[in-house]
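One structure is given below, encoded as structure tokens.
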Amino acid sequence: MLRIANVRKRYPNGLLALAGLDLTVAPGEILAIVGGSGCGKSTLLRLVSGLDRPTAGSVDLDGTPIVGPRAEIGMVFQEPRLMPWLTIDDNVAFGIRHLPAGERRQRVAEALSRVGLASHAGHWPRELSGGQAQRAALARALVGRPQVLLLDEPFSALDALTRQDLQDHLLDLWAYDRPTMILVTHDIEEALVLADRIVVMQPDPGRIRVSVSPPLARPRDRLDPEFLDWKYKLLAELDHASRKPTGDETFPAAAI
Amino acid sequence: MAAGRLQGSARRLGWLAGLILPLALALGWEMAVALKWADGRLLPTPSRIYATLAGLAASGELLDHVLATLQRVGLGFVFGVAAGTVLGAVSGYWTAVRRLIDPTLQALRNIPSIAWVPMFILWFGIFETSKIILIAVGVFFPIYLALSGAILGVDRKLVEVGRIFGFSHREMITRILLPATLPAYVIALRSGLGLGWMFVVAAEFMGAEQGLGFLLVDGQQTGRPAVILASIVSFACLGKLTDWLLAAVSVRFLRWQDSFKPAE
Ligand SMILES: Nc1ncnc2c1ncn2[C@@H]1O[C@H](COP(=O)(O)OP(=O)(O)OP(=O)(O)O)[C@@H](O)[C@H]1O
Ligand SMILES: [Mg+2]
């Protein structure tokens, strides 16, 4: 159980990025976070990952406070952040450096072929396209099979087809280990395909506007009328979230 | 097609361009003396220098001098690099260590290293130890300064990847910080090596029975400018050669760099 309790984050420059945020994520749950640019999504993931500490409030995993990065929490950053001096396979191996060499090689090869980069194993990061680099970063986070996986817009640089492929891959993976996943995305459809629950955030200061659990059967069909219905509702909600930065009584979150 | 082939050979032979200037100068001087425009007594002609070098080489003397000097530079370089790397990495990584040692080292850096010579001779004697330490001191500072500075400039975003994977301090330094600073480090190694060649002359001035620096002093004391120049030419060649070796080896480790490549 991941518990985020009354978390505030004020950056040293005085900016209040998160104002009192409460969120509980059950083991194995897939939670999607959507919201406009600058509403504090990456900030929230950084607090959960242990890279940053909240100004007030607490984050804890299974009862132990998160005070720093932990082996059981994996993260895909908003940028690929590959080590430019390592080839792609060595970059992916970063996440499982404790395993014996043989098993490591095998898992890396497996992870790379899952993201469609098997033929790029020996390449340098500078030789990859933006989407390929993003997929390599995804493989690096997945290969260690973390218990909690934090994904910050992991598919933003991909074409629609590759994106759907990788969404399916992520679901396969989830079915295998059932990690808890928090997925930040700008793509409502992606959130609806993947998530059990969707949290809409709003900016200035960052907080939760609404949280919904669409009761859609899996596997989810992007063209199903009910799916589309949810898509429009959420789009409207996002629209209000970014247009009414102080919250708005005429569009109560409970409308959903 | 022909243009392409021409371009290819231009790239292969590009390094020869560096020879044009010294060869032209040498040829000019040779001709000036041959035509009696100039007097070659105090500045011997290239052919005289070459003859002197050949003579020294034939008697085996040159090789002895070169080996003695190479050994001093080599040992001094290794010790200087080792100390500079360890202290540079540690002071770049731990603020507490930096606060403790950096001001002192910065102050020591401003002492002209030749000023240490009398002290080193008192402490370590006049033989090899004091020479090697002097060279090591010269090599140490560029390495230390470049590495500790470069570590502070490493991209936080890459360091965070290491933190996410639970890297220990040692892993952080060896797997992220040192590789990330490798380009700056290689430049520091090359300037350290250059300083090593400068300091070996000073070291050999302070009394040596062998070495290219000794040859310099000997040529001066016996009034043989050709010997002095032969030694200077050897220094130039060896310095260039070792720098080229270092650069050639480092290219292998820097293939990953995504840096500006000037047009041909
Ligand atoms: N290190 C920092 N120092 C100061 N302010 C910051 C810092 N990082 C982020 N912010 C501010 O905090 C707010 C939230 O930033 P954050 O990166 O969490 O947004 P986001 O929701 O991830 O946006 P995007 O969708 O564009 O990635 C922004 O207003 C940003 O300017
Ligand atoms: Mg972000």
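Filter the stretch A:19-50 for residues that are within 13 Å of ligand 1 (Cβ to nearest atom), assigned to a loop (DSSP other than H, G, I, E, B) and buried (at least 17 other Cβ atoms within 10 Å of the Cβ) and give the result.
Once the filter is applied, which keeps residues that are within 13 Å of ligand 1 (Cβ to nearest atom), assigned to a loop (DSSP other than H, G, I, E, B) and buried (at least 17 other Cβ atoms within 10 Å of the Cβ), the stretch A:19-50 yields A:G35, A:G36, A:C39, A:G40.
Search the stretch B:241-264 for residues being in a loop (DSSP other than H, G, I, E, B) and within 13 Å of another protein chain (Cβ to nearest Cβ), and hand back the single one that is nearest to B:G14 (Cα to Cα). First the steps, then the outcome.
Looking only at the stretch B:241-264, we keep the residues that are in a loop (DSSP other than H, G, I, E, B), and these are B:254-264.
Filter once more, so that each one left must be within 13 Å of another protein chain (Cβ to nearest Cβ): B:254-261.
Numbers: B:L254: 21, B:R255: 20, B:W256: 23, B:Q257: 22, B:D258: 22, B:S259: 20, B:F260: 18, B:K261: 15 Å.
Once the filter is applied, the top-ranked residue is B:K261.
Output yes when any residue across the stretch B:121-139 is hydroxyl-bearing (S, T, Y) and either within 30 Å of B:W256 (Cβ to Cβ) or within 14 Å of chain A (Cβ to nearest Cβ) (or both), and no when none is.
Step one: filter the stretch B:121-139 for residues hydroxyl-bearing (S, T, Y), giving B:129-130.
Filter once more, keeping what is either within 30 Å of B:W256 (Cβ to Cβ) or within 14 Å of chain A (Cβ to nearest Cβ) (or both): none.
Checked the stretch B:121-139: no residue is hydroxyl-bearing (S, T, Y) and either within 30 Å of B:W256 (Cβ to Cβ) or within 14 Å of chain A (Cβ to nearest Cβ) (or both).
Restricting to the stretch A:172-217, count the residues that are of a type in the set (K, R) and in contact with an Asp or Glu (Cβ under 8 Å, 6 or more places away or on another chain). Working first, answer last.
Step one: filter the stretch A:172-217 for residues of a type in the set (K, R), giving A:178, A:197, A:207, A:209.
Next, from what is left, pick out any that are in contact with an Asp or Glu (Cβ under 8 Å, 6 or more places away or on another chain): A:197, A:209.
Number satisfying all stated conditions: 2.
Regarding B:E204, is this residue surrounded by fewer than 18 Cβ atoms within 10 Å (Cβ to Cβ), more than 14 Å from every other protein chain (Cβ to nearest Cβ) and among the acidic types (D, E)?
no
For A:G102, work out the one condition from (1) among the small types (G, A, S); (2) outside any loop (DSSP other than H, G, I, E, B); (3) within 16 Å of ligand 1 (Cβ to nearest atom); (4) away from chain B (no Cβ under 11 Å) it doesn't fulfil.
(3)
Hey, A:V108 hits all of (1) crowded, with 21+ Cβ neighbours inside 10 Å; (2) closer than 26 Å to B:S259 by Cβ; (3) over 16 Å from the mean Cα position of the chain (by Cα); (4) not acidic (D, E) but one; which does it fall short on?
Only one criterion is unmet by A:V108, namely (2).
Residues checked against (1) surrounded by fewer than 19 Cβ atoms within 10 Å (Cβ to Cβ); (2) under 13 Å from B:G84 (Cα atoms); (3) in contact (Cβ under 8 Å) with a residue 24 or more places away in the chain:
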site	(1), (2), (3)
B:S148	no, yes, yes
B:G162	no, no, no
B:H169	yes, no, yes
B:R175	no, no, no
B:Y185	no, yes, yes
B:R190	yes, no, yes
B:L195	no, no, yes
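For A:I88, which of the numbered conditions (1) of a type in the set (V, I, T); (2) over 18 Å from the mean Cα position of the chain (by Cα); (3) at the interface with chain B (Cβ under 10 Å from one of its Cβ atoms) fails to hold?
Status for A:I88: all satisfied but (3).
Out of B:L105, B:L178, B:L145, I need the residue that is within 11 Å of chain A (Cβ to nearest Cβ) and out of contact with any Asp or Glu (no Cβ under 9 Å at 6 or more places or on another chain). Which one?
Just one listed residue meets the conditions, B:L178.
Condition first: closer than 30 Å to B:S250 by Cα and within 14 Å of another protein chain (Cβ to nearest Cβ). Can you find one or more residues in the stretch A:72-79 that meet it? I'd like the intermediate steps shown before the answer.
Applying the first criterion (closer than 30 Å to B:S250 by Cα) to the stretch A:72-79 yields A:79.
Then drop every residue that is not within 14 Å of another protein chain (Cβ to nearest Cβ), which leaves A:79.
Within the stretch A:72-79 (the criterion being closer than 30 Å to B:S250 by Cα and within 14 Å of another protein chain (Cβ to nearest Cβ)), the answer is yes, since at least one residue qualifies.
If A:R53 satisfies all but one of (1) more than 16 Å from ligand 2 (Cβ to nearest atom); (2) more than 9 Å from every other protein chain (Cβ to nearest Cβ); (3) on the phi > 0 side of the Ramachandran plot, what's the number of the condition it fails?
Result: A:R53 passes all but (3).
Quick one: which of A:S211, A:S119, A:S113 is surrounded by fewer than 17 Cβ atoms within 10 Å (Cβ to Cβ) and in a strand (DSSP E or B)? Walk me through it before giving the result.
On the way: A:S119 fails: in a strand (DSSP E or B); A:S113 fails: in a strand (DSSP E or B).
Answer to the selection: A:S211.
Can you tell me which residue in the stretch A:53-78 is farthest from ligand 1 (Cβ to nearest atom), limited to those that are within 12 Å of A:N6 (Cβ to Cβ) and hydroxyl-bearing (S, T, Y)?
Once the filter is applied, the top-ranked residue is A:S58.
B:A180 - would you say it is over 30 Å from A:A71 (Cα atoms), touching a Leu at 6+ places or on another chain (Cβ under 8 Å), buried (at least 16 other Cβ atoms within 10 Å of the Cβ) and not β-branched (V, I, T)? Steps first, please.
Working: over 30 Å from A:A71 (Cα atoms): no; touching a Leu at 6+ places or on another chain (Cβ under 8 Å): yes; buried (at least 16 other Cβ atoms within 10 Å of the Cβ): yes; not β-branched (V, I, T): yes.
Answer is no for this residue.
Of the residues that make up the stretch B:225-233, is at least one in contact (Cβ under 8 Å) with a residue 12 or more places away in the chain, in contact with a Phe, Trp or Tyr (Cβ under 8 Å, 6 or more places away or on another chain) and surrounded by 18 or more Cβ atoms within 10 Å (Cβ to Cβ)?
Within the stretch B:225-233, none of the residues are in contact (Cβ under 8 Å) with a residue 12 or more places away in the chain, in contact with a Phe, Trp or Tyr (Cβ under 8 Å, 6 or more places away or on another chain) and surrounded by 18 or more Cβ atoms within 10 Å (Cβ to Cβ).
Throughout, read-outs are computed from the coordinates displayed, never taken from laboratory work. Predicted model only: the values in this text are computed from it and were never measured. Note that each Cβ is placed from the backbone with ideal geometry, even for glycine, and that neighbours are counted across all protein chains shown.
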